[in-house]
Amino acid sequence: MIRTWLATLAVLVTALGVFGWATDGFSAFTAEAARRAAVLRQPRPIPPVMLEDQHGRSFTLADYRGRPLAVEFIYVRCDSVCRSLGAAFQQIRDALPTTGAGGPALLSISFDPLNDDVAALREWATRHGADGQRWRVARPRDPARTAALLSAFGVVAVPDGLGGYEHNAAIHLLDDAGRLVRISDIEAPQAFIAALERLP
């Protein structure tokens, strides 16, 4: 009887330990929540992947050092969550001050660079009001670097078998040192704007 009770207790303690580890100290009950908690606890550096914007201009995320940057991941043929991402970015853009070259910037990155050429990026930018200055739409110049970029941000994009993708959607905040410091829901752009305003 005591042996059975001790064995049961040992199993429960082990299960509790595994559950605590898997939920990031009982604070996150999904992989997405754990990703967000990890970034808040320890900001993450982002690799210098070469990008190409809707006007064919090349740049890297390092070009934004010294100013906050909001980043979203899309593919231009997406008619569901990417449309919501674009709408959230429009709200953020409209809330930002219109003066000052060093203010926050917005960047939409396609994770489908083979299909999303410059013309497709430009059309998506026009549809959502991305001006190419404060808000750029881009793709990795080297499609082979896409996976590394997605991994750095913790973005998962899986082909859905119908020509599109299933992917997690969020708004990512890079600080003026180029580190990923926050991941926010697309349904809460005002909270993201408040986080932008709190950055030094």
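The values are calculated or read from the model by the stated rules, or taken from the named source; none is laboratory data. All values reported here derive from a predicted model rather than from experimental measurement. Cβ: placed from backbone, ideal geometry, glycine included. Neighbour counts: every protein chain shown. The accessibility values were calculated without ligands, DNA or RNA, using every heavy atom of the protein model including side chains. Shrake-Rupley method; radii C 1.70, N 1.55, O 1.52, S 1.80 Å.
Considering the range 39-73, the residues that are touching a strand residue (DSSP E or B) at 6+ places or on another chain (Cβ under 8 Å) and surrounded by fewer than 15 Cβ atoms within 10 Å (Cβ to Cβ) include one that is farthest from Ala125 (Cα to Cα), namely Leu40.
Among residues of the range 136-152 that are more than 14 Å from Val71 (Cα to Cα), those with a Cβ under 8 angstrom from a residue that is aliphatic (A, V, I, L, M) and open to solvent by 50 Å² or more (accessible area, probe 1.4 Å), sequence gap 6+ or separate chain, pair up as Arg141/Met50; Asp142/Met50; Pro143/Leu114; Arg145/Met50.
For Ser80, indicate whether it is open to solvent by 50 Å² or more (accessible area, probe 1.4 Å), small (Gly, Ala, Ser) and in contact with a strand residue (DSSP E or B) (Cβ under 8 Å, 6 or more places away or on another chain). If you could, list the steps in order and put the result at the bottom.
Details: open to solvent by 50 Å² or more (accessible area, probe 1.4 Å): yes; small (Gly, Ala, Ser): yes; in contact with a strand residue (DSSP E or B) (Cβ under 8 Å, 6 or more places away or on another chain): no.
Judged against the criteria, Ser80 is not a match.
Rundown of residues vs (1) assigned to a helix (DSSP H, G or I); (2) more than 24 Å from Thr146 (Cβ to Cβ); (3) modelled with pLDDT of 90 or more, yes/no style:
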residue	(1), (2), (3)
Ala70	no, no, yes
Phe73	no, no, yes
Val76	no, no, yes
Asp79	no, no, no
Cys82	yes, no, no
Asp94	yes, yes, no
Pro97	no, yes, no
Ser108	no, no, yes
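The lone criterion from (1) in contact with a Leu (Cβ under 7 Å, 6 or more places away or on another chain); (2) surrounded by 20 or more Cβ atoms within 10 Å (Cβ to Cβ) left unmet by Gly103 is number (2).
Show me the strands (runs of 3 or more DSSP E) found entirely inside the range 138-188 where at least 2 residues are of a type outside the set (Asp, Glu) and open to solvent by less than 10 Å² (accessible area, probe 1.4 Å).
Fully inside the range 138-188 and qualifying: 171-174, 179-184.
Taking each residue of the range 165-189 that is at positive phi and looking for partners that are open to solvent by less than 40 Å² (accessible area, probe 1.4 Å) with beta-carbon atoms closer than 9 Å, six or more apart or interchain, yields Gly178/Ile46; Gly178/Leu61; Gly178/Tyr64; Gly178/Leu69.
Restricting attention to the range 38-68, which residues are of a type in the set (Ser, Thr, Tyr) and part of a loop (DSSP other than H, G, I, E, B)?
Just the residues of the range 38-68 that are of a type in the set (Ser, Thr, Tyr), to begin with: 58, 60, 64.
Listed by number, the list holds a single entry, Thr60.
Considered as a group, the residues in the range 115-124 that are touching a Lys or Arg at 6+ places or on another chain (Cβ under 9 Å) and open to solvent by 10 Å² or more (accessible area, probe 1.4 Å) include one that is modelled with the lowest pLDDT, and that residue is Asn115.
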